[in-house]
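Enquirer: First, the structure itself, so that you have it in front of you.
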Ligand code: SF4
């Protein structure tokens, strides 16, 4: 019988396309893991994101910060917060930096639920931790570089990452494993400890943040 052979790589999409496809599929698996859990708790995706964003910010944050952090409108964030407050998962208090402003924080029940949501994607943490250390390092640096590219083209919401922080000083040291510096705690910053979401983050001017992303690219 005659078989028609084709070259399996003939129609292989470009590498950039396959990388984006891989990221999309991983994100979809993670989302569905978290959402399956959240659905049983009667939460929608934005509410899940809010609980996760507040989990490590016990001092509380303002509504405008949440909207900016999630890349949603203030109206959408407000609706979700009203619902989470009614469920007893969020409470309103005074902002420590401005007594007239309202800060939102998790209640004890909210903290417990946010921790369980985080644990629902524990399988992904385990899979990453199982990769060889050099692979983890390369993956982290590559994802950071990609976030930088997307931020510079205004396609990624603001993040409280070292690279966009006013305390970050890029390439201040000759040590290739710890070339950067955190001026807040006045200590070298190893690449593998660069943060994506630091509670102490203070936004650097845009031009400085762009320059920092470029410095990371060229390192
Ligand atoms: S304060 Fe936080 S975000 Fe800023 S450079 Fe230091 S560790 Fe990074």
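Readers should treat all values here as calculations from the given coordinates under stated rules, not as data from a laboratory. Everything numeric here is computed off the predicted structure, so don't read it as measured data. Neighbour counts run over all protein chains shown; Cβ positions are idealised from the backbone, glycine included.
Enquirer: Between residue 202 and residue 186, what is the label-to-label distance in nm when each label sits 7 Å out along the Cα-to-Cβ direction?
Expert: 1.5 nm
Enquirer: A further question follows. Given only helices, namely DSSP H runs of n ≥ 4 each adding -39500 (n - 2.57), what is the per-residue ellipticity at 222 nm of the chain, to the nearest 500 deg cm²/dmol?
Expert: -16500 deg cm²/dmol
Enquirer: Could you calculate the FRET efficiency of residue 17 with residue 127 from 1/(1 + (r/R0)^6), where r is the beta carbon distance between them and R0 is 30 Å, rounded to 0.05?
Expert: 0.80
Enquirer: Same structure again: In vacuum, with every alpha carbon of the stretch 16-119 counted as one equal point scatterer, what does the Debye formula give for log10 I(q)/I(0) at q = 0.14, 0.15, 0.25 Å⁻¹? Two decimals, please.
Expert: Debye curve over Cα of the stretch 16-119, log10 I(q)/I(0) at q = 0.14, 0.15, 0.25 Å⁻¹: -0.56, -0.63, -1.38.
Enquirer: Further, regarding this structure: Could you grab the relative contact order for the stretch 132-218? Cα pairs under 8 Å, six or more apart, rounded to a whole percent.
Expert: 32 percent
Enquirer: Using Cα-Cα distances under 8 Å and only pairs 6 or more residues apart, what relative contact order does the stretch 16-119 have, in percent?
Expert: Once divided by the residue count of the stretch 16-119, the mean separation gives 28 percent.
Enquirer: Something else: Let me know the Kirkwood hydrodynamic radius for the stretch 132-218, please, with Cα pairs as the basis and the value in Å to one decimal.
Expert: Kirkwood hydrodynamic radius for the stretch 132-218: 13.0 Å.
Enquirer: With N set to the number of residues, divide the alpha-carbon radius of gyration of the stretch 71-183 by 2.2 N^0.38 Å and report two decimals.
Expert: Dividing the Cα Rg of the stretch 71-183 by 2.2 N^0.38 Å gives 1.43.
Enquirer: Oh, and also: Could you calculate the contour length gain from residue 24 to residue 118, that is, 0.36 nm times the residue separation minus the distance between their Cα atoms, to one decimal place in nm?
Expert: Length difference between fully extended and current span is 31.9 nm.
Enquirer: Still on this structure, please answer the following. Between residue 9 and residue 143, how high is the FRET efficiency from 1/(1 + (r/R0)^6) when r is the Cβ-Cβ distance and R₀ = 25 Å? Nearest 0.05.
Expert: Once the sixth-power term is evaluated, E becomes 0.45.
Enquirer: Note down the nm distance, to one decimal, between modelled labels 7 Å out along Cα→Cβ at residue 217 and at residue 173.
Expert: Inter-label distance under the simple model: 2.6 nm.
Enquirer: How large is Rg over Rh for the chain, taking Rg from the Cα atoms and Rh as the Kirkwood inverse mean of 1/r across Cα pairs?
Expert: 1.04
Enquirer: The stretch 130-150 to the stretch 205-219: how many Å between their Cα centroids?
Expert: 17 Å
Enquirer: Here's another thing I want to ask about it. Relative contact order of the chain: what whole-number percent is it, with Cα pairs under 8 angstrom and at least 6 residues apart?
Expert: 15 percent
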